[in-house]
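Asker: What follows is a structure written as structure tokens; I'll ask about it next.
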Amino acid sequence: MKPKLLFVLGTRPEIIKLWPVIVEAQKSLGEGSVRVCYTGQHKEMALPFLERFSLPVHFDLRIMRSRQTLNQVLELMISGMAPILRKESFDWVVVQGDTSSAFAGALAASMEKVKVAHVEAGLRTFDRENPFPEELNRQLIGRVANLHLCPTSVNRDHLLKEGVSEADIEVTGNPIVDALKMVKAEFLGDVDVERTFSQLDFSKKLVLVTGHRRENFGEGFRDMCMAIRDLAERRKDAIFVYPVHLNPQVQEPVKNILGDLPNHVFLLDPVEYFDFIALLQRASVVLTDSGGVQEEAPTFGVPVVVMRKVTERVESLQQGSAVLVGTDREKIVSAVEKFLDEPKEISNLANPYGDGLASKRILEAMLKR
Ligand code: UDP
């Protein structure tokens, strides 16, 4: 009998990273054995991704209400998933990463005695406040998962030290690299970046910016924006392109501090995935606090300035293709200028997060158990 899988996802990065795994599962098990539960965690930003990747949604939990606390989000997700898990018998629930959707999916499945496969397992900063609540979520998922699918051996070693049995761990690579491979092979050719972003002067160096982490809100976020303002004033040879996350705590400082530099700093709405990747491919530097972007940039040999106190993606720091600067205004400015002025030869380095075959390994790991 073919196993039946339930994929739980709710945010943009989960959809991007589970997309190749779902496609692989549909190919190998048939569409009838693969079900998708969308929690609704990031509605406006996630739905276009589900559509763009032609992913089916079999269960839509619609949990978002205005001004919810993290506990209310978890409560609604768990109570939404429990009847689905009781009604249909699944062999595996697959969760990805460190979001509330992933934690709620893992916990709800465990309580219904359905096995949990955790994609992107073993990432750690060992600091519960950074990133928050992601570090807590992934540590908690690590306690309940039955199968831990680690991007790298660094991640596997974290789990072994926490007492996870070696038999329950597989090093697979991160499926985000599979997603990039699919985008490059099938979709990137159709993106006309100069036409889509006709307001941008592509003869200048492109600095691509993303920033939205909760732990940076407030002072950290203002400092990040001030650093971008300083850079824009110093570097007339560059343009700064920032697709701004829809969270009001991000929108407000970004628009207040950077909104009056229209010829240098381009504040965009969040851009769709293939366009974002086309911009990334053209970038000289990426300035970000995102996890996924740290994993994507090495595929295109683009250096990354990481605006976080700590990062769980240490592999690119070790490789020299990324530097960690926190939200310190001066450090951000000098790190970006260094990469602009002394381009590092990193395009020949392999992406340390995967080789594009993670989805196959993830599926095989589930099927052989
Ligand atoms: N991304 C996108 N459009 C944008 C900004 C980012 O498609 O305007 C993609 C990016 O390529 C990466 C993912 O969204 O794969 C990162 O999502 P996010 O920063 O929300 O989450 P994190 O990676 O920090 O968990």
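The values are calculated or read from the model by the stated rules, or taken from the named source; none is laboratory data. Owing to the predicted nature of the structure, the values given are computational and were not obtained by experimental measurement. So basically every Cβ, Gly included, is an ideal-geometry build from the backbone, and we count neighbours across all protein chains shown. Ligands, DNA and RNA are stripped out before the accessible areas are found, and what is left, the full protein with its side chains, is counted by its heavy atoms. Shrake-Rupley method; radii C 1.70, N 1.55, O 1.52, S 1.80 Å.
Asker: With unit charges on the beta carbon (Lys/Arg positive, Asp/Glu negative), name the residue among 133, 106, 285 whose Cα is farthest towards the positive pole of the charge dipole of the chain.
Answerer: 106
Asker: Separate question: If I model a spin label at residue 52 and residue 82 as a point 7 Å from the Cα along the Cα→Cβ vector, what separation in nanometres do I get?
Answerer: Roughly 3.6 nm, to one decimal.
Asker: Please go through the range 114-163 and write out the trypsin sites (Lys or Arg not before Pro) that DSSP classes as loop and that have at most 15 other C-beta atoms within 10 Å.
Answerer: Qualifying residues, ordered by number: 128.
Asker: In whole angstrom, how far apart do the alpha carbon centroids of the range 213-235 and the range 130-177 sit?
Answerer: A separation of 32 Å, based on Cα centres.
Asker: Per the helix-only calculation at 222 nm, which mean residue ellipticity applies to the chain, given -39500 (n - 2.57) for every DSSP H run of n ≥ 4 and division by its residues, nearest 500 deg cm²/dmol?
Answerer: -13000 deg cm²/dmol
Asker: Per residue, how large is the accessible surface of the range 190-235? Use a 1.4 angstrom probe and give square angstrom.
Answerer: Per-residue value: 49 Å².
Asker: Please give the Cα centre distance for the range 20-67 versus the range 239-268, rounded to the nearest Å.
Answerer: Their Cα centres are 29 Å away from one another.
Asker: Now for a different question. Simple spin-label model, 7 Å along Cα-to-Cβ: residue 328 to residue 68 in nm?
Answerer: 3.8 nm
Asker: Next up: Using just the alpha carbons, could you tell me how many Å³ per residue the convex hull of the chain encloses?
Answerer: Considering the Cα atoms of the chain, their hull volume per residue is 127 Å³.
Asker: Please return the longest stretch of the chain lacking exposed loop sites, where chymotrypsin sites (Phe, Trp or Tyr not before Pro) count only if DSSP places them in a loop and at most 13 other Cβ atoms lie within 10 Å.
Answerer: In the chain, the maximal stretch lacking such sites is 203-369.
Asker: Taking all pairs of different Cα atoms in the range 1-95, averaging 1/r and flipping that mean, what Kirkwood radius in angstroms comes out?
Answerer: About 13.8 Å, per the Kirkwood formula over Cα pairs.
Asker: Report, as a whole number in µm² per second, the diffusion coefficient that Stokes-Einstein gives for the range 246-296 at 4 °C and 1.567 mPa s using the Kirkwood radius over alpha carbon pairs.
Answerer: The estimated diffusion coefficient comes to 103 µm²/s.
Asker: Here's a follow-up. Go through 205/331; 43/113; 181/236; 2/113 and tell me which ones have a Cα-Cα distance over 22 Å in this structure.
Answerer: Table pairs above 22 Å Cα-Cα are 43/113; 181/236.
Asker: Moving to a separate point now. What is the ratio of the Cα radius of gyration of the range 271-319 to 2.2 N^0.38 Å, where N is its residue count, to two decimals?
Answerer: 1.09
Asker: Taking the Cα centre of the chain as the origin, how large is its charge dipole in debye, to the nearest 20, when only Lys and Arg (+1) and Asp and Glu (-1) carry charge on their Cβ atoms?
Answerer: Using only the charged Cβ atoms, the result is roughly 760 debye.
Asker: So what's Rg/Rh here for the range 216-327, counting alpha carbon atoms and using the Kirkwood radius for Rh?
Answerer: We get a ratio of 0.94 for the range 216-327.
Asker: Per residue, what volume in Å³ does the Cα convex hull of the range 266-369 take up?
Answerer: 134 Å³
Asker: If you don't mind, there's one more thing I want to ask. At 1.4 Å probe size, with the rest of the protein present, what percent of the exposed accessible area of the range 318-369 is carbon and sulfur atoms?
Answerer: Carbon with sulfur: 49 percent of the solvent-accessible area.
Asker: Calculate, in nm to one decimal, what residue 202 and residue 162 gain on full extension: separation in residues at 0.36 nm each, minus their alpha carbon distance.
Answerer: Gain on extension, residue 202 to residue 162, equals 9.6 nm.
Asker: Next question, about the same structure. Got a sec? Charge dipole of the chain, +1 on Cβ for Lys and Arg, -1 for Asp and Glu; which of 232, 333, 352 is way out at the positive end?
Answerer: Going by the Cα projections, it comes out as 352.
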